[in-house]
Structures are given as C-alpha cells and as structure tokens.
1. For the subset of segment 158-205 comprising residues that are polar (S, T, N, Q), open to solvent by 40 Å² or more (accessible area, probe 1.4 Å) and in contact (Cβ under 8 Å) with a residue 12 or more places away in the chain, which member is nearest to Glu17 (Cα to Cα)?
2. Taking Phe67 as the residue in question, decide whether it is closer than 18 Å to Val142 by Cβ, of a type outside the set (Asp, Glu) and open to solvent by 30 Å² or more (accessible area, probe 1.4 Å).
3. Of these, Thr74, Thr16, which one is open to solvent by 40 Å² or more (accessible area, probe 1.4 Å), of a type in the set (Val, Ile, Thr) and assigned to a loop (DSSP other than H, G, I, E, B)?
4. Test Val36 against the stated conditions and say whether it is within 14 Å of the chain's Cα centre (by Cα), at pLDDT 95 or above and not charged (D, E, K, R).
5. Mind listing just one residue for me: the one in segment 77-115 that is buried (at least 21 other Cβ atoms within 10 Å of the Cβ) and farther than 20 Å from Glu60 by Cα and, of those, nearest to the chain's Cα centre (by Cα)?
6. Taking His7, is it at pLDDT below 95, assigned to a loop (DSSP other than H, G, I, E, B), out of contact with any strand residue (DSSP E or B) (no Cβ under 9 Å at 6 or more places or on another chain) and closer than 20 Å to Leu108 by Cα?
7. Within the group Glu60, Glu68, Glu72, which residue is acidic (Asp, Glu) and touching a Gly at 6+ places or on another chain (Cβ under 9 Å)?
8. Exactly one of (1) in a loop (DSSP other than H, G, I, E, B); (2) at pLDDT 95 or above is unmet by Ala204. Its number?
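The values are calculated or read from the model by the stated rules, or taken from the named source; none is laboratory data. Bear in mind the structure is a predicted one, so any value in this text is a computation, not a measurement. Note that we place each Cβ from the backbone using ideal geometry, even for glycine, and neighbour counts take in every protein chain shown. For the accessible areas, the whole protein counts, side chains as well, though only heavy atoms, and no ligand, DNA or RNA atoms are used. Shrake-Rupley method; radii C 1.70, N 1.55, O 1.52, S 1.80 Å.
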Amino acid sequence: MNTAVTHAPTAARSATEPLHVTLVVGSNRHGRFGPVVADWLLGHLRDRDDLVAEVVDVAEAELPTSFEPTPEATAALSGITPKLAGADAFVVLTPEYNHSFPAGLKNLVDWHFAEWRAKPVALVSYGGLSGGLRAVEHLRQVFAELHAVTVRDTVSFHNAGASFDDEGTLRDPAGPDAAAKTMLDQLAWWGEALREARATRPYAD
C-alpha cells in the first residue's frame, strides 16, 4: 500500500481541491486479512477525481498504551499525526475481534483528538457471519465522542476470506462496488461541507 506526502492544513485548501482522505487500516494481528481489503478500497479511492488517498496502518504504529510522550512514541506519531491532521475525511477499515474492534485501532484513535474533530469518517468492516458490523457500531460511538461525523452507509464483508480469490480480487464485485460508491459519495458530500464549514467558522467543542 503506497502512502502519499503529508498535506497542507485543510483550512488552507481551495474548495475545489480534491478531498484528502486518510485510510486507516485497523488490524495488527499476525496473518491479518486487512491489507487485501485495503488494496481494494484504495482502488476505489484512486479511481475518483474528487478524492486523494493516503494510508495509516496500525500494524506500523508502535504506540504504547500508556500515552506517555516518550521519544519512541513521539517518533511513531511523527509518521501518523500529520496524515490525520491533514485529512479532510477518513475511511477506517476494521475487523471484528470479540464483538468489537481491535485494541491497536483504539489506541491509535485515542492518541489523537483535534485531528478527528468536525471531519467525516466512513467505516468498512470484515469478519465472519457478522461482517464486522458490531465493530462498526462501537466505532460510531467512539467517533461521536471525538466530534467526528460517521457517514450512514458502510461496506462490510461477511466471511471475508471467501469473498476474495488468491490474487486479492473480489469473486463477485457488484454488491461491494456499489456499496463502496454509495459510501464514498456520502463521504465526499460530508467532507466538502465540513471543510467549507471549518474554513468559514472554526469548530469549537
């Protein structure tokens, strides 16, 4: 998964500039399936003229759970925080672990606050029979507390491993592709609206 360069603050951008979207890959489990879904998502993001994507991968974020600003934590945050702060919107990809989302994703979210505020978040999940939707519903509560706006429609993969072939290609793309378009259309609408709102009237919690 390729990442883009760090962007300028969102308030300085033109209203006609494409939205900068950070895709957060939320799993750090050994043997994880997340990169397969992430590559599929990046294809949809990069196919759009109104969105520019980059990636934050929880598996590459060595953040302690103590929230102590150690030199190691500061170094890890230097590669993460600018990508969150410079984003106009987010797509968060999560598996479902024990009826919720992974601890590593929660830790990355909790190391930040202002970076999420007054920005939209689209949620994509994968798992077994539930497709990760219980993780999604928990994340909605977390992002509401952080003053972010989660978009209504999601993309979820039930029995995700069987949905893709060995090359990482969807076996039946029609449904997921349509769901991704709907979700990203909503993300773009909210992203543009909230970017304009933040520029004209700074958000105060």
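1. Gln186
2. For Phe67, the condition - closer than 18 Å to Val142 by Cβ, of a type outside the set (Asp, Glu) and open to solvent by 30 Å² or more (accessible area, probe 1.4 Å) - is met.
3. Checking each option against the conditions leaves just Thr16.
4. no
5. Per the stated criteria, the residue is Ala89.
6. No.
7. Only one candidate passes the filter, namely Glu60.
8. (2)
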